[in-house]
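S.K.: Pasting a structure below so you can have a look.
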Amino acid sequence: MLKDVIVKFKCKYCKKELEITIHNLMKAEGNPYCDCTENDDDLDVIGTYLKGSKEQSIFTITTLRDNERNAARCVGFCFKVEDAEEIVVNNVNDIFEEGYYPYCVIEELKQGIYFFPRQEIWFEWSLRSNRYEEINEKPKRFNQIACFGIG
Ligand SMILES: [Zn+2]
């Protein structure tokens with residue numbers, strides 16, 4: 001089992017991605033490092049997944065409050081990003097909950113644990129159009145946070 005669990009790292013400097021099985025990681029002395037620096041602090045963990053599962057993404061849909069810590073609700077997920085977007089922009093089943101969740105984010109994830117989202121698509125409720133509208137920037141209050149739906 002552990003031979004199939006892969007941790008993916010990304011170098012802070014050259015942005016190269018490295019993959020190491022948990023099995024090898026546990027056997028190794030010290031942390032892995034990138035060829036460009038040989039400093040083991042320069043790698044960020046960007047995901048942990050099971051071998052052979054790289055191709056299948058899910059797109060979680062998470063609604064968020066703007067004024068309460070950790071007030072988020074992952075209402076579900078889709079296998080296609082277009083389906084997730086359809087649900088959000090049409091406010092299917094009132095995921096907005098009559099004003100309770102002014103923000104919504106779709107995150108692309110792969111099978112595994114602590115997976116760092118590959119993609120985030122942000123929406124804010126528009127009082128003018130009475131629906132979630134895609135926004136180009138992640139709201140500042142959520143800037144330091146990742147993994148809203150799972151992980
Ligand atoms: Zn590097």
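S.K.: For segment 2-50, how big is the tail of P(r) above 17 Å, as a whole percent of Cα pairs?
M.R.: Details: 348 of 1176 pairs.
Beyond 17 Å sits 30 percent of the P(r) for segment 2-50.
S.K.: Extension gain Asn91-Cys74, at 0.36 nm per residue separation less the Cα-Cα distance, in nm?
M.R.: 4.7 nm
S.K.: Follow-up. If each residue of separation counts as 0.36 nm, what is the full-extension length gain between Tyr100 and Asn130 once their alpha-carbon separation is subtracted?
M.R.: Numbers: separation 30, 0.36 × 30 = 10.80 nm, distance 1.36 nm.
Additional length available on full extension: 9.4 nm.
S.K.: Report ³J(HN,Hα) in whole Hz for each residue of segment 136-144, in order, from the Karplus equation J = 6.51 cos²θ - 1.76 cosθ + 1.60 where θ = phi - 60°; Gly and Pro get x.
M.R.: 6, 10, 5, x, 3, 5, 9, 3, 8
S.K.: Hey, another quick one. Kindly provide the GluC sites (Glu not before Pro) of segment 87-151 that DSSP labels as loop, not H, G, I, E or B, and whose Cβ sees at most 12 other Cβ atoms within 10 Å.
M.R.: Filter output for segment 87-151: Glu137.
S.K.: What residues have an amide H closer than 5 Å to that of Arg131, excluding those fewer than 5 places away on the same chain, when H is modeled at 1.01 Å from N in the peptide plane?
M.R.: Here Ser126 satisfy the definition.
S.K.: Using label points projected 7 Å from each Cα along Cα→Cβ, tell me how many nm separate Arg65 and Gln119, to one decimal.
M.R.: 3.1 nm
S.K.: Once you put a point 7 Å from the Cα of Asp35 and another 7 Å from the Cα of Ile20, both along the Cβ direction, what distance in nm separates them?
M.R.: 1.6 nm
S.K.: Right, something else. Within 10 Å, at most 14 other Cβ atoms, and a DSSP state outside H, G, I, E, B define an exposed site. Report the longest part of the chain free of exposed chymotrypsin sites (Phe, Trp or Tyr not before Pro).
M.R.: 14-78
S.K.: In addition: Sum up the charges of everything whose Cβ sits under 13 Å from the Cβ of Ile22, counting Lys and Arg as +1 and Asp and Glu as -1, but leave Ile22 out.
M.R.: Summing Lys and Arg as +1 and Asp and Glu as -1 gives +2.
S.K.: Can you work out D for segment 58-142 in µm² s⁻¹ from Stokes-Einstein, where Rh is the Kirkwood radius over C-alpha pairs, the temperature is 37 °C and the viscosity is 0.692 mPa s? Kindly include the intermediate steps, with their values, before the conclusion.
M.R.: Numbers: Rh = 13.0 Å.
Translational D for this selection: 252 µm²/s.
S.K.: Oh, and also: Which whole-percent values make up P(r) of the chain when all C-alpha to C-alpha distances are grouped in 5 Å steps starting at zero?
M.R.: All Cα pairs, binned at 5 Å, distribute as 2, 9, 17, 17, 16, 13, 10, 8, 5, 2, 1, 0 percent.
S.K.: Which net charge results when you count Lys and Arg as +1 and Asp and Glu as -1 among the other residues whose beta-carbon is under 13 Å from that of Val92?
M.R.: For residues surrounding Val92, the net value is -4.
Bear in mind these aren't lab numbers, they're just calculated from the coordinates by the rules spelled out. Remember, it's a predicted structure, so these values are computed and weren't measured experimentally. All Cβ positions, glycine included, derive from the backbone under ideal geometry; neighbour counts span all protein chains shown.
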